[in-house]
Amino acid sequence: MYNILAILLQFLSGSIMYSYILARSSKVDLKRVRDGNPGSSNLWRVKGWKLGVLALLLDYLKGILPLAIFISIGLVSNEYIIATSALCGILGHAFSPMLKFKGGKAIATTFGAWSVLTKWEGPTILGVTFTIFTLIKPKATRVEDDAFRVLLGFIALIPYVLYNFYNGREYLLYFYLGNLIIIGYKHWNDWISFFKRLSQN
């Protein structure tokens, strides 16, 4: 029962679109901003870093809670249930019932989910990769540039995931593949646009 409850509550937590709520409270329609993504990055661009950081933090935390509470008090311990719950949090953001199943791109929530499963390790790999790309391409501000940065982050995770897989943490590969499918679906058109532009240069 607790396993099912953790999965359902994590999905519901992920489906709360904080950036959208904060934008609406500030009379901003995120559908009209950039690519129309109802996430913290677009809110940051139109309302500044203070509101953007708040939305980013909330999106990150909903990838952690309430799953981390279930784990900490011993209600959920099966690693595959934990991985499934974490995926459901990401799914909730990417396909939020609050927005008629048209959610955001789930990057901040992905960071939160990896934090639950790997503590600092997974998020650090993603964060370092994002930072390196930003330093190399400081003027890369297009939507497809952001999407390519995400792709690089998931490529950088492969050695880490495989290492853990061969050392008995098979559930991380399960989580990684599920996460990649969701992120790939949400970023696919942007990835295609990036490589088309690259081939034309």
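The values are calculated or read from the model by the stated rules, or taken from the named source; none is laboratory data. Fair warning: this is a prediction, and the values are worked out from it, not measured in the lab. Here Cβ is always computed from backbone atoms with ideal geometry, including for glycine, and neighbour counts include all displayed protein chains.
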Qualifying residues in the stretch 39-68 (those that are part of a loop (DSSP other than H, G, I, E, B) and out of contact with any Asp or Glu (no Cβ under 9 Å at 6 or more places or on another chain)) - the one nearest to Thr110 (Cα to Cα): Gly63
First in the stretch 166-192 and more than 18 Å from Ile81 (Cβ to Cβ), second anywhere and of a type in the set (Phe, Trp, Tyr) and assigned to a helix (DSSP H, G or I), Cβ under 6 Å, 6 or more apart: Leu180/Phe154
Among residues of the stretch 72-96, those that are within 24 Å of Val53 (Cα to Cα) and either hydroxyl-bearing (Ser, Thr, Tyr) or touching a helix residue (DSSP H, G or I) at 6+ places or on another chain (Cβ under 7 Å) (or both), counted: 10
Residue in the stretch 93-108 that is buried (at least 19 other Cβ atoms within 10 Å of the Cβ), polar (S, T, N, Q) and not in a helix (DSSP H, G or I) present: yes
Identity of the residue in the stretch 120-131, at pLDDT 95 or above and either within 13 Å of Leu172 (Cα to Cα) or of a type in the set (Val, Ile, Thr) (or both), that ends up surrounded by the most Cβ atoms within 10 Å (Cβ to Cβ): Gly122
Subset of the stretch 132-146 that is part of a helix (DSSP H, G or I) and touching a Lys or Arg at 6+ places or on another chain (Cβ under 8 Å) - its residue that is surrounded by the fewest Cβ atoms within 10 Å (Cβ to Cβ): Thr134
Leu43 being within 17 Å of the chain's Cα centre (by Cα) and surrounded by fewer than 19 Cβ atoms within 10 Å (Cβ to Cβ): no
Qualifying residue in the stretch 58-73 (condition: loosely packed, with under 13 Cβ neighbours inside 10 Å and among the hydroxyl-bearing types (Ser, Thr, Tyr)): yes
Filter result for Ser193 (surrounded by 19 or more Cβ atoms within 10 Å (Cβ to Cβ) and either modelled with pLDDT of 95 or more or not aromatic (Phe, Trp, Tyr) (or both)): no
Residues of the stretch 16-49 that turn out to be free of Cβ contacts under 8 Å to residues at least 24 places away in the same chain and of a type in the set (Asp, Glu), as a count: 1
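Here is a yes/no grid of residues against (1) at negative phi; (2) part of a loop (DSSP other than H, G, I, E, B); (3) more than 15 Å from the chain's Cα centre (by Cα):
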site	(1), (2), (3)
Gly14	yes, no, no
Asn37	yes, yes, no
Ser77	yes, yes, yes
Thr110	yes, no, no
Ala113	yes, no, no
The lone exception for Leu99 - which of (1) at pLDDT below 95; (2) under 23 Å from Gly153 (Cβ atoms) it fails: (2)
